[in-house]
Amino acid sequence: MTDPTPLPLEDLQLFAAVARLRSFSRTAAELSIPVATLSRRIAALERRLGAQLLRRTTRRVEPTDAGALLLARADEPLRALADALDCLGEETRRPRG
């Protein structure tokens, strides 16, 4: 990766969701975003990383070797971060007084 700017965390989360569900349409429906937007974001992430992360056919989507490696290394930290952000959200909604 030669681009020094930080990777968009949300794009990594989108990639992980597609890789887990193995479907752009199911992922888009689950996240309530257009399939075209999801596809565009994943393609941008792949360009940014200089690696194809998902193998797409008309019938299925599956991680490439690079995608499987990224998912194996990033999935748990992404889930932990989502949990931490959920906890933060709960804390800010808790009544104070």
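Screening residue 59 against (1) over 22 Å from residue 85 (Cα atoms); (2) part of a helix (DSSP H, G or I) leaves a single unmet condition, (2). Residues in the range 48-83 that are surrounded by fewer than 15 Cβ atoms within 10 Å (Cβ to Cβ), farther than 12 Å from residue 16 by Cβ and either at pLDDT 95 or above or in contact with an Asp or Glu (Cβ under 6 Å, 6 or more places away or on another chain) (or both): 55, 62, 65, 69. Quick check: anything in the range 16-37 touching a residue at least 40 places away in the same chain (Cβ under 8 Å) and touching a Phe, Trp or Tyr at 6+ places or on another chain (Cβ under 9 Å)? Within the range 16-37, one or more residues are touching a residue at least 40 places away in the same chain (Cβ under 8 Å) and touching a Phe, Trp or Tyr at 6+ places or on another chain (Cβ under 9 Å). For the range 24-56, a residue qualifies if it is assigned to a loop (DSSP other than H, G, I, E, B) and of a type in the set (Val, Ile, Thr), and exactly one does: 33.
The values are calculated or read from the model by the stated rules, or taken from the named source; none is laboratory data. Keep in mind the model is a prediction, meaning the values are calculated, not measured. We place every Cβ from the backbone using ideal geometry, glycine too, and count neighbours over all the protein chains shown.
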